[in-house]
Every structure is written in structure tokens, then in C-alpha cells.
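The values are calculated or read from the model by the stated rules, or taken from the named source; none is laboratory data. Since the structure is predicted, the reported quantities are computational estimates derived from the model, not experimental observations. For neighbour counting, all protein chains shown are included, and Cβ atoms are generated from backbone atoms with ideal geometry for every residue, glycine included.
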């Protein structure tokens, strides 16, 4: 059974509904997208009877939970919904506690409602061509740090003390970034810095090692490299995405030929390990985007309870480790660097055919 995501709720006025929810609900061309997000809730138990309201009014956190639910089912996990926290209590193939969280735009900064054509086209701007890239990266690190630390604190001071939570069970934080207006171009660089202390330098196409970064527009610093000692040994890993948004739904809808009227085009940029490093993918049923494409999991080398990479073997999650100061990545599909979701008539007008050359030219 699925949740009734798009039904009218008592006491919820139209003016407080989230703009993304209203777009999904009202646009007749998004019938495939509605089918997909509804399918993600098959078997999902609304334990506190408020997640549909949250989906309609605040959107991102519930959207992320629905997506994770589908990914975990794809991975073959058995989820126990008998308790109201943490968000996902996994009972098979191993015992695992997972808490979902999203990062949000700093209060006072421009919201997504201010996105314009420049913001949309910036999805295809590689870091070495982006103005003020360092500020963009630092803001992403700060927003994502706030989200992870909040859940870490809640686990240590709260969830870990619940009688049904075994502290010997691995604990994972699942984070989706919505922390700035162009979050879709963060890639995995903010988490490499935040968790492993590897700060991306576009001009070098490489990394420098850092222990802190300065918050944008301040003189304050925050520590990074959280997984470089045992300070966060209670966190086994962090799952991360910056591409789980409406574009994900459209890409999946195109891939599965679900929409009766498909008006948009989706172009992905993916990173390979052999030249040319960056490759473009025009999404269609013959070149699909899969459910777990765009997901990363960062394993904590100092975790008290490590988790095996094998438990995600049935997915396309890119798994990262940083053992003995050596970064390694393993996955079934090339990771998504950026995704552009645009009406076809605008795509044909604005997007050149050689996007990959821009990314590969240095």
C-alpha cells in the first residue's frame, strides 16, 4: 500500500503548501514524476501521522525519506517500523540504525524560489570556471556540517539511550543537501573536506589537506576531517546526495518512459576514471539514470562499528573509504557530477553539444 501524497488534508490551506509540492501536484506533464514518488512510499509506515503533511508543506525532508526508503528496499534491507526513531531501523542483512537529515539554506540567504536561468545553466559550469568557487564550497561544507553535527548530538544524547537501540549496532547518517540555491553542483567535494579533510582545488584538479575552514563572510572557523580520528567513532558512515530533487524524478520518469507528455530533457555529467574523465549522458530509456545513481557513502575508518561495503552491493551507491590516508572509491556506475533538467525547447536553444569538452578542458 502507498501513501496518499497528493490528497487534500484537513486544516492545510493552499498558501502554506510548498511550491515544489504544488508543481508536482498540478502540472499535468509530471504524471510520471507523481507515479515515481508515490511508488517510493510502498510499504512505508507513517509512524507519527505527519509525514504527508510535511511532504506537502516543507517537502525536502519527507521527500528524502521516501527516496531512502526505496533505495533501502532496492538494497534488500528489511526495515522495522515498530519504533518511531531512528528513522530507519534495519534488521537485515545486518542490524543498522539510520537517521535521515537535510541541510537547509541559511536564514536570510536567497531561497530556491529565486532560481533563474543563470542558476539553471550553472549546473553545467565545471568548478574551474565557476566564480567564487571557494565561497560556494565553504558554504556547502558549513551547511552540511550543521546537519551532520545536529544528528550526531541527537543520537549521542537521545536515540542511543532508547531501550530498543543497541549501542553495538552501527549508526549511519543519511544527508541530502539543499543548503544553497545551487546545491545540485556540490558533487561530493563538501563531504570529502568535511569528513576526510580533503579540500578540492579546481586549478590543480586535486586536493589539499585541511583541518578547518573559515565560514563565508566571517572570521569564524569550523573543524573538518571529522572522520580522521575517533571523535565521531559512533558514526559508522555518512550517506550523501546533492541531486535528490525534482530533477531526479524527471530523470527516472524519462528513463522508465512513465510520462504521457514528456516536456523536459535531462543531461547528466558523469565522472569516469579513464580519459576523457567527464562524460555526458542524455537520459533516455536506452541510457537510463538508475534509482541510486548520485548517492555516495563515506565510511568512517575510525568507527567503532564499521559496515561492510557488501550490504550496498545491489545498488549504484559510490562507496568511499579513506584508510591510511588513501582515498578509494568503488561503485557499479559512474557518479553524477551534475544534472541539468530543462524544458526541451530551452535545452535546444541554450545548451551546446560539447558540454563534456568544457569539463575536460583545463
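Got a sec? Which of 79, 98, 94, 51 is modelled with pLDDT of 95 or more, over 17 Å from the mean Cα position of the chain (by Cα) and under 26 Å from residue 191 (Cα atoms)? Walk me through how you get there before you give the answer.
On the way: 79 fails: under 26 Å from residue 191 (Cα atoms); 98 fails: over 17 Å from the mean Cα position of the chain (by Cα); 51 fails: under 26 Å from residue 191 (Cα atoms).
None of the others qualify; the one that does is 94.
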Practice problem: Starting from residues that are in contact with a helix residue (DSSP H, G or I) (Cβ under 9 Å, 6 or more places away or on another chain) and farther than 19 Å from residue 236 by Cα, keep the ones in the range 79-111 and report whichever is surrounded by the fewest Cβ atoms within 10 Å (Cβ to Cβ). | Solution: 109
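Does residue 32 count as part of a loop (DSSP other than H, G, I, E, B) and either closer than 19 Å to residue 253 by Cβ or in contact with a helix residue (DSSP H, G or I) (Cβ under 9 Å, 6 or more places away or on another chain) (or both)?
Details: part of a loop (DSSP other than H, G, I, E, B): no; either closer than 19 Å to residue 253 by Cβ or in contact with a helix residue (DSSP H, G or I) (Cβ under 9 Å, 6 or more places away or on another chain) (or both): yes.
It is false that residue 32 is part of a loop (DSSP other than H, G, I, E, B) and either closer than 19 Å to residue 253 by Cβ or in contact with a helix residue (DSSP H, G or I) (Cβ under 9 Å, 6 or more places away or on another chain) (or both).
Criterion first (surrounded by 14 or more Cβ atoms within 10 Å (Cβ to Cβ) and either touching a residue at least 24 places away in the same chain (Cβ under 8 Å) or closer than 30 Å to residue 230 by Cα (or both)) does residue 291 satisfy it?
Values: surrounded by 14 or more Cβ atoms within 10 Å (Cβ to Cβ): yes; either touching a residue at least 24 places away in the same chain (Cβ under 8 Å) or closer than 30 Å to residue 230 by Cα (or both): yes.
For residue 291, the condition - surrounded by 14 or more Cβ atoms within 10 Å (Cβ to Cβ) and either touching a residue at least 24 places away in the same chain (Cβ under 8 Å) or closer than 30 Å to residue 230 by Cα (or both) - is met.
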Exercise. Just give me the residues in the range 293-332 being in a loop (DSSP other than H, G, I, E, B), touching a strand residue (DSSP E or B) at 6+ places or on another chain (Cβ under 8 Å) and under 26 Å from residue 282 (Cα atoms), in sequence order.
Key: 293, 294, 295, 317, 331
Quiz prompt | Among (1) closer than 22 Å to residue 33 by Cα; (2) in contact (Cβ under 8 Å) with a residue 24 or more places away in the chain; (3) surrounded by fewer than 21 Cβ atoms within 10 Å (Cβ to Cβ) - the single one residue 253 does not satisfy | solution = (3)
Quiz prompt | Answer residue from the range 130-145, given it is out of contact with any helix residue (DSSP H, G or I) (no Cβ under 7 Å at 6 or more places or on another chain) and modelled with pLDDT under 95 and is surrounded by the most Cβ atoms within 10 Å (Cβ to Cβ) among those | solution = 132
Practice problem: Say whether the condition of being in a helix (DSSP H, G or I) and either at pLDDT below 95 or touching a strand residue (DSSP E or B) at 6+ places or on another chain (Cβ under 8 Å) (or both) is met by at least one residue in the range 196-217. | Solution: yes
